[in-house]
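Everything below concerns the one structure shown next.
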Amino acid sequence: MKRVLLIAAASVSLAASALAQEPGSAPDQPLADARQEARAQALFQDVRCVVCQHESIADSPAGIAGDMRRLVREEIASGSSDAEVRADLVRRWGDYILFKPPVEPGTWLLWFGPLAALLGVGGILAWRGWKKRADTAAEAPLSPDETRRLEELLASGAVRPDPDASSSHD
(Lines give C-alpha, C1' and ligand atoms only; values in the text may rest on other atoms or scores of the structure.)
Protein backbone atom coordinates (compact mmCIF):
# COMPACT_ATOMS: atom_id res chain seq x y z
CA MET A 1 0.00 0.00 0.00
CA LYS A 2 2.82 2.39 0.84
CA ARG A 3 4.45 1.64 -2.47
CA VAL A 4 1.26 2.49 -4.39
CA LEU A 5 0.89 5.78 -2.50
CA LEU A 6 4.53 6.63 -3.14
CA ILE A 7 4.15 5.96 -6.87
CA ALA A 8 0.92 7.99 -6.99
CA ALA A 9 2.59 10.93 -5.17
CA ALA A 10 5.57 10.82 -7.54
CA SER A 11 3.24 10.77 -10.56
CA VAL A 12 1.26 13.75 -9.31
CA SER A 13 4.48 15.62 -8.57
CA LEU A 14 5.86 15.00 -12.07
CA ALA A 15 2.57 15.99 -13.68
CA ALA A 16 2.42 19.20 -11.64
CA SER A 17 5.95 20.18 -12.60
CA ALA A 18 5.23 19.53 -16.27
CA LEU A 19 2.11 21.69 -16.12
CA ALA A 20 3.93 24.49 -14.29
CA GLN A 21 6.39 25.08 -17.14
CA GLU A 22 5.85 27.82 -19.66
CA PRO A 23 4.16 26.48 -22.75
CA GLY A 24 6.29 26.60 -25.86
CA SER A 25 5.47 29.17 -28.48
CA ALA A 26 3.72 28.17 -31.65
CA PRO A 27 6.07 27.64 -34.57
CA ASP A 28 6.89 30.79 -36.49
CA GLN A 29 5.01 31.29 -39.74
CA PRO A 30 7.13 33.48 -42.03
CA LEU A 31 5.38 36.10 -44.12
CA ALA A 32 4.70 35.20 -47.73
CA ASP A 33 6.31 38.40 -49.06
CA ALA A 34 10.13 38.09 -48.78
CA ARG A 35 10.61 41.87 -48.35
CA GLN A 36 8.11 41.98 -45.48
CA GLU A 37 9.78 38.96 -43.85
CA ALA A 38 13.19 40.66 -44.18
CA ARG A 39 11.75 43.78 -42.47
CA ALA A 40 10.32 41.60 -39.71
CA GLN A 41 13.65 39.81 -39.21
CA ALA A 42 15.45 43.16 -38.98
CA LEU A 43 12.95 44.36 -36.36
CA PHE A 44 13.35 41.12 -34.40
CA GLN A 45 17.05 41.97 -33.91
CA ASP A 46 16.21 45.41 -32.48
CA VAL A 47 13.62 44.23 -29.95
CA ARG A 48 14.57 42.87 -26.52
CA CYS A 49 12.85 39.79 -25.10
CA VAL A 50 11.02 40.77 -21.92
CA VAL A 51 11.81 37.40 -20.32
CA CYS A 52 15.44 36.86 -21.35
CA GLN A 53 16.31 40.60 -21.38
CA HIS A 54 19.75 40.03 -22.90
CA GLU A 55 18.49 38.40 -26.09
CA SER A 56 16.55 39.72 -29.02
CA ILE A 57 13.18 38.19 -29.79
CA ALA A 58 14.81 36.59 -32.84
CA ASP A 59 17.12 34.51 -30.59
CA SER A 60 14.85 33.92 -27.60
CA PRO A 61 13.06 30.61 -27.12
CA ALA A 62 10.58 32.13 -24.62
CA GLY A 63 6.89 31.92 -25.41
CA ILE A 64 6.40 35.68 -25.11
CA ALA A 65 9.16 36.20 -27.71
CA GLY A 66 7.21 34.00 -30.13
CA ASP A 67 4.09 36.05 -29.43
CA MET A 68 6.05 39.26 -30.04
CA ARG A 69 7.41 37.92 -33.35
CA ARG A 70 3.87 37.01 -34.40
CA LEU A 71 2.65 40.51 -33.42
CA VAL A 72 5.42 42.18 -35.45
CA ARG A 73 4.62 40.03 -38.48
CA GLU A 74 0.90 40.81 -38.19
CA GLU A 75 1.55 44.55 -38.04
CA ILE A 76 3.92 44.43 -41.02
CA ALA A 77 1.41 42.36 -43.01
CA SER A 78 -1.28 44.93 -42.22
CA GLY A 79 0.87 47.67 -43.76
CA SER A 80 2.45 49.30 -40.69
CA SER A 81 5.84 50.95 -41.12
CA ASP A 82 8.86 49.94 -39.04
CA ALA A 83 8.50 53.13 -36.97
CA GLU A 84 4.83 52.36 -36.28
CA VAL A 85 5.69 48.79 -35.21
CA ARG A 86 8.40 50.09 -32.85
CA ALA A 87 6.03 52.73 -31.47
CA ASP A 88 3.41 50.06 -30.76
CA LEU A 89 5.97 47.86 -28.99
CA VAL A 90 7.16 50.84 -26.91
CA ARG A 91 3.56 51.71 -26.08
CA ARG A 92 2.99 48.16 -24.77
CA TRP A 93 6.31 47.50 -22.98
CA GLY A 94 8.13 50.85 -22.67
CA ASP A 95 11.46 52.10 -24.05
CA TYR A 96 13.28 49.20 -22.42
CA ILE A 97 11.96 46.88 -25.13
CA LEU A 98 14.32 48.46 -27.67
CA PHE A 99 18.03 47.66 -27.60
CA LYS A 100 18.65 51.26 -28.71
CA PRO A 101 16.10 53.44 -26.90
CA PRO A 102 15.53 56.97 -28.20
CA VAL A 103 17.55 59.88 -26.80
CA GLU A 104 15.01 61.90 -24.83
CA PRO A 105 14.86 63.36 -21.31
CA GLY A 106 13.59 60.08 -19.85
CA THR A 107 16.59 58.15 -21.18
CA TRP A 108 19.36 60.74 -20.68
CA LEU A 109 20.72 58.88 -17.65
CA LEU A 110 20.96 55.71 -19.72
CA TRP A 111 22.74 57.45 -22.59
CA PHE A 112 24.89 59.99 -20.77
CA GLY A 113 25.20 58.52 -17.25
CA PRO A 114 28.36 56.50 -17.93
CA LEU A 115 30.06 59.50 -19.55
CA ALA A 116 29.06 61.75 -16.65
CA ALA A 117 30.40 59.22 -14.13
CA LEU A 118 33.68 58.94 -16.04
CA LEU A 119 34.06 62.73 -16.23
CA GLY A 120 33.21 63.03 -12.51
CA VAL A 121 35.85 60.48 -11.48
CA GLY A 122 38.40 62.09 -13.81
CA GLY A 123 37.62 65.51 -12.33
CA ILE A 124 38.04 64.24 -8.77
CA LEU A 125 41.36 62.60 -9.61
CA ALA A 126 42.59 65.76 -11.38
CA TRP A 127 41.52 67.94 -8.43
CA ARG A 128 43.31 65.68 -5.93
CA GLY A 129 46.48 65.74 -8.06
CA TRP A 130 46.32 69.54 -8.36
CA LYS A 131 45.74 69.90 -4.61
CA LYS A 132 48.67 67.61 -3.81
CA ARG A 133 50.93 69.57 -6.17
CA ALA A 134 49.75 72.85 -4.62
CA ASP A 135 50.48 71.53 -1.11
CA THR A 136 54.04 70.52 -2.01
CA ALA A 137 54.63 73.83 -3.80
CA ALA A 138 53.58 75.67 -0.63
CA GLU A 139 56.68 74.37 1.19
CA ALA A 140 59.10 77.16 0.34
CA PRO A 141 62.81 76.84 1.16
CA LEU A 142 64.12 78.45 4.35
CA SER A 143 65.07 82.07 4.20
CA PRO A 144 68.73 83.01 4.92
CA ASP A 145 67.73 84.23 8.39
CA GLU A 146 65.95 80.95 9.17
CA THR A 147 68.91 78.94 7.90
CA ARG A 148 71.31 80.91 10.12
CA ARG A 149 69.06 80.41 13.20
CA LEU A 150 68.78 76.68 12.51
CA GLU A 151 72.57 76.34 12.24
CA GLU A 152 73.01 78.21 15.54
CA LEU A 153 70.52 75.93 17.32
CA LEU A 154 72.20 72.80 16.00
CA ALA A 155 75.70 74.04 16.89
CA SER A 156 74.76 75.13 20.42
CA GLY A 157 73.35 71.73 21.31
CA ALA A 158 70.18 73.37 22.62
CA VAL A 159 68.20 70.92 20.54
CA ARG A 160 67.74 67.77 22.53
CA PRO A 161 67.95 64.55 20.48
CA ASP A 162 64.99 62.24 20.42
CA PRO A 163 65.39 59.74 23.29
CA ASP A 164 63.71 57.01 21.24
CA ALA A 165 66.00 57.48 18.25
CA SER A 166 68.66 54.86 17.79
CA SER A 167 72.28 55.68 17.25
CA SER A 168 73.47 55.77 13.67
CA HIS A 169 76.20 53.28 14.70
CA ASP A 170 73.74 50.50 15.64
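The values are calculated or read from the model by the stated rules, or taken from the named source; none is laboratory data. Predicted model only: the values in this text are computed from it and were never measured. Methodologically, a virtual Cβ is constructed for each residue, glycine included, from the backbone with ideal geometry; neighbour enumeration extends over all protein chains shown.
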### Query
Any chance region 101-124 includes a residue that's under 30 Å from residue 28 (Cα atoms) and at pLDDT below 85?
yes
### Task
Confirm whether residue 46 is at pLDDT 90 or above and surrounded by 12 or more Cβ atoms within 10 Å (Cβ to Cβ).
yes
## Note on the structure
Taking region 35-61 and keeping only residues that are in a loop (DSSP other than H, G, I, E, B) and hydrophobic (A, V, I, L, M, F, W, C), one is left with 49, 50, 51, 52, 57, 58
### Query
Which of the residues belonging to region 145-161 are among the β-branched types (Val, Ile, Thr) and modelled with pLDDT of 80 or more?
147
#### Entry: Residues located in region 34-60, provided they are touching a Lys or Arg at 6+ places or on another chain (Cβ under 9 Å) and touching a residue at least 40 places away in the same chain (Cβ under 8 Å)
36, 43, 46, 47, 56
### Task
Working only within region 66-96, note down all residues that are assigned to a helix (DSSP H, G or I), over 12 Å from residue 47 (Cβ atoms) and of a type in the set (Ser, Thr, Tyr).
none
### Task
Please tell me if residue 99 is exposed (fewer than 13 other Cβ atoms within 10 Å of the Cβ) and in contact with a Lys or Arg (Cβ under 6 Å, 6 or more places away or on another chain).
yes
